[in-house]
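**Student:** Attaching a single structure in structure tokens format; questions to follow.
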Amino acid sequence: MDKGLDILRHSCSHIMAQAVKELWPEVKLGIGPSIEDGFYYDFDKKEPFTDDDLVVIEEKMRQVIRKDEPFVRQELSKKEAEILFKKLREEYKVELLREIPDEKVSIYKTGENFLDLCRGPHIETTGKIKAFKLLSVAGAYWHGIETNPMLRRIYGTCFNAPEELQEYLNNLEEAKKRDHRKLGPQLGLFDVFHEDAGAGLVFYYPKGAVVRRLIEDYEKSEHTKRGYQMVITPHIMQAALWKKSGHYDYYKENMYTFQIEEKEFVLKPMNCPGHILIYKSKTRSYKELPLRLFELGTVYRHEKAGVLHGLLRVRGFTQDDAHIFCLPSQLTSEIKAIIAFVFDTMKVFGFQSIGIELSTRPEKHIGSDDDWRLATEGLEKSLKEMGLAYTVNAGEGAFYGPKIDIKLKDAMKRSWQCATIQCDFALPKRFELTYVDSDGKEQQPIMLHRVVLGSIERFIACLTEHYAGAFPLWLAPVQAVVIPVKDTCQEYALKVEAALRAEDIRIECNDSNETLNKRIRQAETEKIPFILVVGEREVRDNTVSVRRQGSSGTSIVEIAECIRDIQSQVAGREQRRR
């Protein structure tokens with residue numbers, strides 16, 4: 001995020017907190033950071049905030065802004081600050097103070113009485129805020145821990161200029177229309193809630209299953225072309241395996257465990273240990289490396305009900321997961337090949353804008369400092385050699401290795417996390433992986449974990465919102481619908497359907513009793529790319545009247561020409577944004 005905008009938004013969160021305290025003096029303050037698209041502040045308030053409250057808070061904020069009050073910074077000893085916030089009965093601030101290692105802290109004052117613990121910086125005066133909006137309310141546990149008090153969170157956003165804010169608000173309205181949780185069931189693609197099955201479990205309807213199959217077919221073909229070997233591993237494996245990998249210690253709260261014949265088993269949350277066992281199934285020579293193992297592996301993670309969100313956060317999902325075992329001399333070329341693979345794939349699916357992040361060693365990790373250094377250098381060297389810009393997320397790597405995250409931007413310029421490349425020296429050591437080098441000596445391979453699309457579910461959600469449900473022709477679950485004008489044309493409509501189906505075109509015939517206009521509107525609502533209307537003239541001339549999705553114009557062509565048109569566009573994987 002732009003640093004200036006970050007400061008502006010953080011300052012706006014303070015102004016919101018000041019407004020809330022002036023309206024409800026008994027409310028206790030939590031934290032109020034800026035975030036990617038705005039800011040939030042958490043409050044301890046007995047009753048939840050309502051939408052009407054947001055209107056009142058906004059007006060109070062405008063009053064503060066009109067006063068153009070300065071942000072006044074003061075530095076105190078931690079003890080002095082603790083006495084101050086105890087006097088103000090701000091127990092959450094006192095708790096935060098006790099977590100700060102520094103002997104000196106800073107507070108900021110606006111207006112006559114509002115004080116907040118903050119390291120800053122802030123804008124000079126409240127009057128610098130020109131465009132803001134409070135967006136929504138939610139509940140949030142203090143520090144994100146369920147046993148802590150539930151606080152009331154207010155989300156808002158702020159921009160440098162009113163026109164920027166209006167563009168953002170317009171995008172929010174458009175995002176509501178594109179929401180995959182709404183479009184999925186509406187278009188007969190998928191759903192993620194069934195009270196008999198449980199939350200966070202995905203059901204693909206026939207049309208959604210077609211989209212998923214097309215994605216998976218593309219992935220299988222492309223991986224084969226690039227030298228990957230497809231494998232399949234079990235959904236359950238003994239807990240001892242996950243203890244050896246480290247997942248049991250670092251990830252157990254997200255794992256489903258159970259007993260079989262007095263042994264503990266795990267419903268796999270990752271695919272990597274299974275691929276490691278395949279690598280270990282025989283003695284490996286350096287001539288076999290790099291060994292690229294690929295799996296469309298379904299995994300299961302114990303997500304809390306409160307964080308489940310459509311296809312974006314579910315309890316069971318499939319990853320296009322691969323693990324590459326390579327020589328040290330092959331590391332950079334393999335990373336670069338993965339990045340190129342990701343870029344090629346995103347273009348096929350219609351994404352042009354991509355951002356890259358490099359995440360380094362977290363506080364909780366396994367492996368030696370030297371291994372982490374070598375792994376990080378390998379990732380960074382690959383990015384630099386490809387001339388790619390990236391940002392560094394310090395401390396955000398996986399527990400076993402640093403990673404590159406590749407984020408794509410959709411038609412509304414929103415970022416989506418998809419591809420990840422993780423460089424791992426630790427797991428090969430833990431599992432004692434070896435290969436025999438040219439001198440006949442055993443050496444340890446380097447292991448790369450990677451996904452291209454990431455979670456298939458998440459990627460389908462992204463595609464649905466990117467195209468607003470109007471998938472490009474090659475991905476459309478139904479590519480064409482033929483509609484007879486009247487009953488006497490029905491036999492011919494079935495002939496057209498059969499002709500296109502014989503050419504592997506996904507087509508339906510809508511010969512229901514509804515009016516012609518209503519059936520055409522239905523096809524448009526279902527976002528079917530080709531609408532083929534046949535009346536007496538088309539029957540006589542052996543033609544179809546073609547109408548493309550999103551166009552009011554029609555053209556009359558022979559059946560064979562219609563087939564060629566559809567096939568040529570599918571072959572070119574034409575992307576059409578909606």
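Bear in mind these aren't lab numbers, they're just calculated from the coordinates by the rules spelled out. Model, not experiment: these values are computed from the prediction. Quick reminder, even Gly has a Cβ in these numbers, built from the backbone with ideal geometry, and neighbours come from all protein chains shown.
**Student:** Using amide H atoms built in the peptide plane, which far-off residues or other-chain residues are under 5 Å from Ser136 H to H?
**Tutor:** Sorted by chain and number, the residues that satisfy this are Tyr155.
**Student:** When the helices in the chain are scored as -39500 (n - 2.57) per DSSP H run of 4 or longer and the sum is shared across all residues, what 222 nm value do you end up with, to the nearest 500 deg cm²/dmol?
**Tutor:** My calculation for the chain gives -11500 deg cm²/dmol from helical runs alone.
**Student:** Can you work out the PRE-style zone for Asp439? Point 7 Å along Cα to Cβ, and I want the residues of the range 329-344 with backbone N under 19 Å.
**Tutor:** 329-330
**Student:** How many angstrom lie between the Cα centre of the range 1-48 and the Cα centre of the range 227-293?
**Tutor:** Answer, in whole Å: 44.
**Student:** Pairing rule first: another cysteine's C-beta must sit under 4.7 Å. Under that rule, which cysteines of the chain stay single?
**Tutor:** Cys with no partner Cβ under 4.7 Å: Cys118, Cys272, Cys326, Cys418, Cys423, Cys462, Cys489, Cys509, Cys562.
**Student:** I want to check the label-to-label distance for Glu167 and Lys429. Put each point 7 Å from Cα in the C-beta direction and report it in nm to one decimal.
**Tutor:** According to this spin-label approximation, the distance is 4.8 nm.
**Student:** Note the full-extension length gain between Asp102 and Glu124 as 0.36 nm times their separation in residues minus their Cα-Cα distance, in nm to one decimal. Mind dumping the intermediate values first?
**Tutor:** Numbers: separation 22, 0.36 × 22 = 7.92 nm, distance 2.51 nm.
Net length gain for the segment: 5.4 nm.
**Student:** So what's the gap between the Cα centers of the range 403-432 and the range 436-507, to the nearest angstrom?
**Tutor:** Cα centres, the range 403-432 to the range 436-507: 24 Å.
**Student:** Here's a follow-up. Give me the one-decimal nm value for the distance between modelled label points at Asn542 and Ala175, 7 Å along each residue's Cα-to-Cβ direction.
**Tutor:** 5.4 nm
**Student:** OK, next. Once you have the Cα-Cα distance between Leu308 and Ile145, take 0.36 nm times their residue separation minus that, and quote the gain in nm to one decimal.
**Tutor:** Extra length available between Leu308 and Ile145 comes to 57.1 nm.
**Student:** Another one. Quick one: compute a quarter of the convex hull surface over the Cα atoms of the chain and quote it in nm².
**Tutor:** 33.4 nm²
**Student:** Modelling each spin label as a point 7 Å along the Cα-to-Cβ direction, I'd like the Asp68/Lys518 distance in nm, to one decimal.
**Tutor:** Here the answer is 6.3 nm between the modelled labels.
**Student:** Related question: Applying 1/(1 + (r/R0)^6) with R0 = 30 Å to the Cβ-Cβ distance of Thr257 and Ala197, what FRET efficiency is obtained, to the nearest 0.05?
**Tutor:** So, using R0 = 30 Å, E works out to roughly 0.90.
**Student:** Provide the packing ranking of 203-209, 256-262, i.e. peptides ordered by the mean count of other C-beta atoms within 10 Å per residue, highest first.
**Tutor:** Numbers: 203-209: 15.9, 256-262: 9.7.
Going from most to least packed, we get 203-209, 256-262.
**Student:** Still on this model: What is the distance in Å between the Cα centres of the range 82-98 and the range 518-532?
**Tutor:** The distance from the Cα centre of the range 82-98 to that of the range 518-532 comes to 62 Å.
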